[in-house]
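Just so it is clear, none of the values below were taken in a lab; they were calculated from the coordinates. Note that this is a predicted model, so its numbers are computed, not measured. Here the Cβ positions follow ideal geometry from the backbone for every residue, glycine too, while neighbour counts run over all protein chains shown.
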Amino acid sequence: MRPASPLPRLAAGAWLVACVCVPLAVSAVGASAQTDTLISWGAEPPGILHGERPRTFDLRHQIVHVRFDWARHAVVGSTTITVGALAGHAGVREVALDAVGMHIGSVTSASGAALQHEYDGKMLTVKLASALRVERPTTFTIAYETVHPKKGAYFIDRRHIVVIADDVLGGKQPFHHAKRMGLAKAEKYLADYITNTDRLAREALEKAISELEAQEFSIHAAAIVLASGRGLPPLPQILAAHPLIHTAEGELFRQTVRRACESLRIPVMGYHERDLKQSKEVPAKTIQFIQGAGKFLGPPWTADHKCATLAACLALSERTRNLNTKDATPPSHKTP
C-alpha cells in the first residue's frame, strides 16, 4: 500500500517536485526473540524543531514540462497535478504547494477553466472548483516561470568576452594587418593592439566576476586550451609565412586572456588538446555529458567549446585538489 505523500514542492527555477517520505523501521530478531541495537543515535543537532505540516490530500500523478530561456536566464514550465483527498479529509477545497521565487502565469482545471489561486512568493494556494474526494481525484495545471533562479535548475553564465574594439585597425586579424607595414611600424602597431586587448579583457573579466560574486560564486581557476604547435619565431619570420600569421593571432588572444586572469589573481592552467583527450582525471560520465550538452545549451557547441569545457573541469578538479592538500583558501581575485 503506497503511503500518502507530503506536500509537493514547486522548486524555484525547476519544476514541481513531489516527495514521498517512507519511514524506515530497522530491527533484528534472534532465535530468543531479543532485539539488538543496530544504530546508536547521538545528540540531536542544534536548531528549532518544526513539526510536519498536516496533509489533507494525496498526490496521485504529475506531469512536468520545462524549457529554458537562455537570453533571460529564465526557467519556464508547467506542471499538471492530480490529487485526491486523504481519508478523513473529504471536502477539502484548497491545495497548498511550496513555490519559492516564482511568477505564476495561470492555474487551470482539466477542462481549461481558470482556477482562483493565491501566491505570496513562497506558497501557492489553489482553490479547487469542487471539493476533493478520496475516490474521485482532481487534476489542474500550473504555468510558471522564474528568472535568475537561485535553486533548482539555475544559471551560472555563458558568454564570450569582447577584447577587440569595434574601430580598431586590423579587427580580429592584427598580424594580417601588420604584414602590410614595415617591421618598425608593425612592432609599434602590435604593441598598441595588445595593450588595448589586454585592457578590454580585464574589464570584461572584472564585470563577469562581479556578476558571479553577486550570485555568491567564487572563481577558483581559469583554463586555456593551448596550441598544439611549437613556439613562435621572431616577428619577421611570422610575417613572412601565412600559416604562422594565423598561429600568431590565435596565440595573441590566448595570452590576452591569460594576462587578464593573472592580473586579477586568477590561477591559469593550460592544457593541450591531445592531453585533454587522453586525461583520466575527468569521469567518463562527465565527458559524455559535455559531448551532449549542446542539445540543451543550444548552438554554438563546437569541438572548441567542448575542449574548453573539459579543460575547465580539469582545472577546477586540480585546483580543488591542491587547495585541499594545502588546506588553503583560494587567492583573492579582486583588483590588486
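Could you state the orientation-averaged shadow area of the convex hull built on the Cα atoms of region 96-239, in nm² to one decimal? Don't skip to the end; give the middle numbers.
Working: hull surface 64.3 nm².
Over all viewing directions, region 96-239 projects a mean Cα-hull area of 16.1 nm².
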Report task. Return the long-range amide H neighbours of residue 57 (sequence gap of 5 or more, or a different chain), with a cut-off of under 5 Å between placed amide H atoms. Result -> 86
Report summary line: The extension gain from residue 49 to residue 302, computed as 0.36 nm times the residue separation minus the Cα-Cα distance, is 86.0 nm
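Assuming 0.36 nm per residue, please report the length gained on full extension of the stretch residue 118 to residue 192 beyond their Cα-Cα distance.
Details: separation 74, 0.36 × 74 = 26.64 nm, distance 6.05 nm.
So the extension gain works out to 20.6 nm.
Using a Förster distance of 41 angstrom, determine the FRET efficiency expected from the C-beta separation of residue 176 and residue 103, and round it to 0.05. If you can, show how the numbers build up before the last one.
On the way: r = 49 Å, r/R0 = 1.21.
FRET efficiency, residue 176 to residue 103: 0.25.
For a Förster distance of 45 Å, can you work out the FRET efficiency between the beta-carbons of residue 288 and residue 60, rounded to the nearest 0.05? The partial results should precede the final answer.
Details: r = 35 Å, r/R0 = 0.78.
Computed FRET efficiency for residue 288 and residue 60 comes out at 0.80.
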Requested in this report: Using a cut-off of 12 Å between beta-carbons, work out the net charge of the residues near residue 198 (Lys and Arg +1, Asp and Glu -1, residue 198 not included).
Outcome: +1
**Report entry** In order through region 102-117: 3J(HN,Hα) via Karplus (6.51 cos²θ - 1.76 cosθ + 1.60), integer Hz, x for Gly, Pro
**Finding:** 10, 10, 8, x, 6, 10, 10, 7, 4, 7, x, 6, 5, 10, 5, 7
**Report entry** Long-range amide H partners of residue 272 with built H, under 5 Å
**Finding:** 226
**Report entry** Shape box of region 174-326 [Cα atoms, principal axes, largest first, Å]
**Finding:** 51, 36, 33
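With N set to the residue count of region 244-294, report its C-alpha Rg divided by 2.2 N^0.38 Å to two decimal places. Spell out each step's value before the answer.
Details: Rg = 14.6 Å, N = 51, 2.2 N^0.38 = 9.8 Å.
Taking the Cα Rg and dividing by 2.2 N^0.38 Å, one obtains 1.49.
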**Report entry** Chain lengthening between residue 316 and residue 254 when straightened (0.36 nm per residue, less Cα-Cα)
**Finding:** 20.4 nm
**Report entry** Virtual spin-label span in nm between residue 148 and residue 67, 7 Å along Cα→Cβ
**Finding:** 2.4 nm
